[in-house]
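Below you'll find the structure, written out as structure tokens, and then a few comments.
Taken together, the values in this text are just the output of simple stated rules run on the coordinates, not laboratory data. Quick caveat: nothing in here was measured; it's all calculated off a predicted structure. A quick note on method: Cβ atoms are made from the backbone with ideal geometry, for glycine too, and the neighbour counts reach across all protein chains shown.
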Amino acid sequence: MNENKNIDQEKQFPWNDGVKQEEYSIKNQIEELLLMAGNEDKEGMKRLLKHMENIGFYEMPCSGGNHLAKTGGLAEHSLNVTRYALSLLNAWYEEPYISQWTDSVIVCGLLHDLGKCGQFQKPGYVPNIVKDGRPTKADPVQKYKQSESKPFKVNPDLLNVPHEIRSVTIINEYIALTEEEYHAILYHNGLYGPLYREINGKETALYMILHFADMWCSRIVEEGDDNAECDIN
Ligand SMILES: [Fe+2]
Ligand SMILES: [Fe+2]
């Protein structure tokens, strides 16, 4: 009885990956939220979701050695930021503004770091392989392993383009961001990002909600190692 109910529920969600599961995966939640928020251009959003899968959004780490430096960290972080950003929206606004801005907050929260997936068919992060001990007379071959303190590194094959710029570029190939969404994602690192000289005095409500939620998640919720080299959010 219960099993049939589960199968019926899955049928209601065409974006479900079809894998029978006891709880909604992070991927399911992200896809459901984005299809809901992007319902004005569902086809564009579906193509973006497919592209996210292709460029490894659900496997990518969120940083090299700081917050959520693990497989799947980027998707987890994106969902965290969205949750906290929605909390801020609900704490600081009343209706009708909450309803008006919910879709934008979801789009910004879930997609602000899409550029961390890389670009031009090159992943944003690759495993950080380091020397494992020294060769000895008995075993003269140098061994290598994935670093434990910094398991990933920014892909050295990519030219240096800030991830916030990659994010808006990739997203706009599939869906049309509003001007406010574009601005919020572009500046989401605030004074910690490369565009810090441009944002002072030009802040918007959406930008601040995204920036604060992103900072809160990367610095508090996801508990980065303070001693690690700090990747930007
Ligand atoms: Fe970021
Ligand atoms: Fe982020």
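With Cα atoms as the point set, the stretch 26-221 shows a radius of gyration and Dmax of 18.5, 74 Å. Sorted on the mean count of surrounding Cβ atoms within 10 Å across their residues, most packed first, peptides 83-93, 142-152 read 83-93, 142-152.
When the Cα atoms of the stretch 109-212 are aligned to their principal axes, the ranges along those axes come out at 63, 28, 21 Å in descending order.
Think of it as helices only: each DSSP H run of n ≥ 4 in the chain is worth -39500 (n - 2.57), and spread over all residues that comes to -13500 deg cm²/dmol at 222 nm. Fewest-first ordering of V107, V221, V168, V154 by other beta carbons within 10 Å of each residue's beta carbon gives V221, V154, V168, V107. Dipole check for the chain: with +1 at the C-beta of Lys and Arg, -1 at the C-beta of Asp and Glu, and the Cα centre as origin, the magnitude is about 1100 Debye. Can you give the direction-averaged projected area of the convex hull of the alpha-carbon atoms in the stretch 21-118, in nm²? Dividing the Cα hull surface by four gives the mean projection, 7.1 nm². FRET efficiency for the K143 to I26 pair, using the beta carbon distance and R₀ = 41 Å, is estimated at 0.75. Contact order for the chain, expressed relative to its length and based on alpha carbon pairs under 8 Å spaced 6+ residues apart, stands at 22 percent.
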